[in-house]
Amino acid sequence: MKALKSALLYTGLAILANAAHADADLEALKDGDMRKLVVASEPSPAPDVTFIAEDGSEVTLADYAGKPVLLNFWATWCAPCRKEMPTLAALQDAMGDKVTVLTVATGRNPPEAITRFFDEIGVTNLPKATDPKQEMARAFGVLGLPITVILDAEGQEVARLQGDADWASLSAQAILMAVAAGD
């Protein structure tokens with residue numbers, strides 16, 4: 001029964017996403033927390049800045065090209081981030097390999113604090129990337145946390161949301177399916 005419900009849910013999301021893509025209208029998919037999502041009138045290139053991957057290597061968003069990226073700026077001390085992070089993990093599970101959920105701890109977030117944060121909230125499927133000098137956050141104009149930016153497969157910003165949100169919602173999934181369908 002669970003598999004049937006999942007299949008029906010996925011089919012419904014695909015239909016919604018395809019309808020939104022056909023109309024190029026993500027606005028129609030916004031519901032609940034996603035009403036806070038600001039959809040760009042025109043996609044704009046993401047800043048070309050480096051950040052630190054979980055393995056310690058320097059990477060850029062170009063390393064994630066080829067599929068949409070949901071880029072979340074957060075910090076271990078951020079209470080709304082603690083509330084939001086499990087929904088980002090659920091979104092990654094729901095989207096599979098169609099979308100990359102990229103979590104970037106910006107500012108002073110020691111690796112052991114990040115690991116403790118993820119352990120405390122039970123998140124195991126999201127990356128522990130960092131932006132220790134806040135260079136990436138500044139380049140994206142991040143003034144508060146959390147901030148989530150949706151990038152298309154070409155690395156262009158198509159939408160952003162300030163504050164926490166339920167990223168596991170059907171609305172969020174439909175929006176990301178629509179972005180993925182556009183690529």
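Structure notes:
- Criterion violated by VAL69 - all others in (1) among the hydrophobic types (A, V, I, L, M, F, W, C); (2) within 21 Å of VAL49 (Cα to Cα); (3) more than 12 Å from the chain's Cα centre (by Cα) satisfied: (3)
- Scanning region 126-141 for residues that are closer than 28 Å to ALA94 by Cβ and touching a Gly at 6+ places or on another chain (Cβ under 8 Å) gives ASP131, ALA137.
- Residues of region 36-51 satisfying the condition of being farther than 17 Å from LEU70 by Cβ and either among the charged types (D, E, K, R) or surrounded by 12 or more Cβ atoms within 10 Å (Cβ to Cβ) (or both): GLU42, ASP48, VAL49, THR50
- Condition met for THR106 (polar (S, T, N, Q) and out of contact with any helix residue (DSSP H, G or I) (no Cβ under 7 Å at 6 or more places or on another chain)): no
Where a number appears in this text, it was derived from the coordinates with a stated rule and is not lab data. Remember, predicted model here, so these are calculated numbers, not experimental data. Methodologically, a virtual Cβ is constructed for each residue, glycine included, from the backbone with ideal geometry; neighbour enumeration extends over all protein chains shown.
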